[in-house]
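These notes are about the structure you will find just below.
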Amino acid sequence: MSRRTLILGATSAIAAEVAALCAARGDRLYLIGRDPSKLQALVARLGSAVAGHLAADLNDLASAGEHVRTAIASLGGLDRALIAHGLLGDQPRSERDLEHAREILDTNFTSAVALLMPLADHFEAQGHGHLAAITSVAGERGRPRNYTYGAAKRGLGCYLEGLRSRLYRSGVRVHNIKLGPVPTPMSAGHPQNFLWGDKAAVARGIVQAMERRWHTVYLPRRWALVMAIVRGLPEFVFQRLSFLAGR
Ligand SMILES: NC(=O)c1ccc[n+]([C@@H]2O[C@H](COP(=O)([O-])OP(=O)(O)OC[C@H]3O[C@@H](n4cnc5c(N)ncnc54)[C@H](OP(=O)(O)O)[C@@H]3O)[C@@H](O)[C@H]2O)c1
């Protein structure tokens with residue numbers, strides 16, 4: 001039987017690649033994205049693999065439960081869900097403008113929690129399923145460049161960790177996909193280097209993490225080593241390294 005997969009934030013450059021891989025292997029998909037024209041283009045690209053789709057702003061927290069119920073009803077059940085939407089935002093602005101800080105925190109943390117609550121209950125009741133969310137290496141150390149975004153992603157990682165242990169005995173798997181930088185609209189204009197990933201390879205890694213039941217995965221994989229080093233730096237060293245602690 002083909003897998004029934006829900007992708008939230010489906011119009012993200014990386015999520016669209018994941019959706020294409022899932023469609024190619026025979027999954028039936030329900031796609032939720034904010035931008036109706038990007039969503040229509042993705043639905044047209046994926047053809048009959050898409051059982052349903054919805055254009056929605058996921059920061060409308062009160063509608064999260066209904067979105068999840070609609071997706072489950074359209075697919076006739078659910079086996080996998082990926083939460084992919086995110087907002088880097090403007091770090092200096094988020095330090096002065098509480099509304100912008102809230103938008104970053106809601107998009108990367110609160111809206112994901114609002115979706116994880118009904119998804120976790122559904123998977124727990126059925127006794128199987130895979131729940132994955134995309135976090136970021138930015139959540140591993142607070143950096144002046146992106147600490148509002150990083151704080152939200154770290155919070156989401158902690159939430160996923162607790163949820164994973166809650167659901168472990170029910171057979172449900174919870175995956176934290178920790179991404180390093182990847183060229184997408186979110187990172188447009190940022191200077192790239194050899195550590196950057198490629199969105200197609202990262203998408204394959206996300207699908208593989210769910211197949212192989214890896215609960216936490218760094219993508220590209222080299223970021224596991226990079227972050228082990230960065231996490232281990234004492235703060236007085238970290239603060240003297242401008243490529244880490246600079247703006
Ligand atoms: N690219 C990187 O370097 C990088 C690194 C680490 C982690 N990540 C994470 O990877 C994930 C995918 O991002 P990406 O790189 O593929 O960037 P992207 O193409 O810019 O995708 C971000 C997506 O989030 C959606 N979104 C933002 N706010 C939303 C809201 N309130 N409701 C619904 N959708 C919303 C955007 O929708 P619209 O199309 O309507 O704008 C967009 O489709 C994100 O969680 C991001 O934080 C990315």
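A few comments on the model shown:
- For the stretch 179-201, a tally of residues being more than 8 Å from the ligand (Cβ to nearest atom) and either charged (D, E, K, R) or touching a Cys at 6+ places or on another chain (Cβ under 9 Å) (or both) returns 1.
- The requirement of being in contact with a Phe, Trp or Tyr (Cβ under 9 Å, 6 or more places away or on another chain), over 30 Å from Glu124 (Cα atoms) and surrounded by 18 or more Cβ atoms within 10 Å (Cβ to Cβ) is satisfied by Gly197.
- Cβ-Cβ under 6 Å pairs, at least 6 apart or on other chains, the stretch 132-153 side free of Cβ contacts under 8 Å to residues at least 40 places away in the same chain, far side within 11 Å of the ligand (Cβ to nearest atom) and in a loop (DSSP other than H, G, I, E, B): Ala138/Asn146
- Single unsatisfied condition, Arg221 versus (1) surrounded by 13 or more Cβ atoms within 10 Å (Cβ to Cβ); (2) more than 11 Å from the ligand (Cβ to nearest atom): (1)
- Test result for Val18, out of contact with any Cys (no Cβ under 6 Å at 6 or more places or on another chain), free of Cβ contacts under 8 Å to residues at least 40 places away in the same chain and not in a strand (DSSP E or B): no
- If the condition is being aliphatic (A, V, I, L, M) and away from the ligand (no atom under 11 Å from the Cβ), then the stretch 1-30 contributes Met1, Leu6, Ala19, Ala20, Leu21, Ala23, Ala24, Leu29.
- Selection within the stretch 206-247 - of a type in the set (S, T, N, Q), under 28 Å from Tyr168 (Cα atoms) and not in a helix (DSSP H, G or I): Thr216
- Asp106 vs. criteria at pLDDT 95 or above, among the charged types (D, E, K, R) and either in contact with a strand residue (DSSP E or B) (Cβ under 8 Å, 6 or more places away or on another chain) or within 14 Å of the ligand (Cβ to nearest atom) (or both): yes
- Filtering the stretch 154-205 to residues that are assigned to a helix (DSSP H, G or I) and touching a residue at least 60 places away in the same chain (Cβ under 8 Å) leaves Pro185, Met186, Ser187, Lys199, Ala200, Val202, Ala203, Arg204.
- Contact map, the stretch 28-57: residues that are of a type in the set (D, E, K, R) paired with residues that are more than 11 Å from the ligand (Cβ to nearest atom) and part of a strand (DSSP E or B), Cβ distance under 9 Å, separation 6+ or inter-chain. Pairs shown: Arg28/Arg4; Arg28/Thr5; Arg28/Val50; Arg28/Ala51.
- Filter result for Ala228 (crowded, with 20+ Cβ neighbours inside 10 Å, at pLDDT 95 or above, more than 17 Å from Phe109 (Cβ to Cβ) and out of contact with any Phe, Trp or Tyr (no Cβ under 9 Å at 6 or more places or on another chain)): no
The values are calculated or read from the model by the stated rules, or taken from the named source; none is laboratory data. Note that the structure is predicted; figures quoted are calculated from it, not measured. Methodologically, a virtual Cβ is constructed for each residue, glycine included, from the backbone with ideal geometry; neighbour enumeration extends over all protein chains shown.
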